[in-house]
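The values are calculated or read from the model by the stated rules, or taken from the named source; none is laboratory data. Please read these numbers as outputs of a predicted model, since none were measured by experiment. Positions of Cβ are backbone-derived with ideal geometry, glycine not excepted, and every protein chain shown enters the neighbour counts.
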Amino acid sequence: MSLREVNDLSFDDEVLRADRPVLVDFGAVWCSPCRLQEPLLEKLAAERDDVVVVKVDVEDSPVTAQTYGVRAMPTLVLFRNGQPTARAVGLQHPGRLQALLDGQG
């Protein structure tokens with residue numbers, strides 16, 4: 001299972017107008033930490049039905065990356081009701097990912 005990819009054109013519909021929280025993984029195919037984190041995010045997405053997990057390739061979607069101030073990868077941004085509510089930069093361990101989603105991070 002791979003994470004659904006959103007881009008500059010689909011971001012508003014897929015993330016900002018979502019009916020539940022969305023964790024966005026901003027990364028790039030050449031980013032080693034991004035590739036290491038992806039299986040953790042896939043597992044998280046499979047375990048939790050209360051959140052949607054998607055990825056944005058910053059090279060394919062520079063407008064969205066710039067809009068949300070992505071300067072390092074991976075950057076995770078949690079959106080609730082169309083607003084960014086939490087952020088984590090760099091490779092995150094599973095406990096940190098859970099805490100981020102549970103509002104403790």
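If I filter the stretch 7-21 down to residues being in a loop (DSSP other than H, G, I, E, B) and in contact with a strand residue (DSSP E or B) (Cβ under 8 Å, 6 or more places away or on another chain), which single residue comes out as nearest to A86 (Cα to Cα)?
P21
Being part of a helix (DSSP H, G or I) and in contact with a Ser or Thr (Cβ under 9 Å, 6 or more places away or on another chain) is the filter here; which residues of the stretch 51-78 pass it?
Initial filter on the stretch 51-78 (part of a helix (DSSP H, G or I)): 62-67.
A65 - this is the single residue of the stretch 51-78 that is part of a helix (DSSP H, G or I) and in contact with a Ser or Thr (Cβ under 9 Å, 6 or more places away or on another chain).
Restricting attention to the stretch 1-24, which residues are surrounded by 17 or more Cβ atoms within 10 Å (Cβ to Cβ) and in contact with an Asp or Glu (Cβ under 8 Å, 6 or more places away or on another chain)?
L3, V6, P21, V22
Pick out the one residue from V77, V29 that is surrounded by 11 or more Cβ atoms within 10 Å (Cβ to Cβ) and of a type in the set (A, V, I, L, M).
Answer to the selection: V77.
Just the residues that are part of a helix (DSSP H, G or I) and in contact with a helix residue (DSSP H, G or I) (Cβ under 8 Å, 6 or more places away or on another chain), please, taken from the stretch 22-50. Quick ask: steps written out before the conclusion?
First, the residues of the stretch 22-50 that are part of a helix (DSSP H, G or I): 32-47.
Listed by number, the residues that qualify are L40, L41, K43, L44.
Might you let me know whether the stretch 44-58 holds any residue that is among the charged types (D, E, K, R), touching a strand residue (DSSP E or B) at 6+ places or on another chain (Cβ under 7 Å), exposed (fewer than 14 other Cβ atoms within 10 Å of the Cβ) and in contact (Cβ under 8 Å) with a residue 12 or more places away in the chain?
No: zero hits.
Pull up the stretch 56-105, narrow it to residues that are among the hydrophobic types (A, V, I, L, M, F, W, C) and in contact with a Pro (Cβ under 9 Å, 6 or more places away or on another chain), then point me to the one that is modelled with the lowest pLDDT.
The qualifying residue modelled with the lowest pLDDT is L101.
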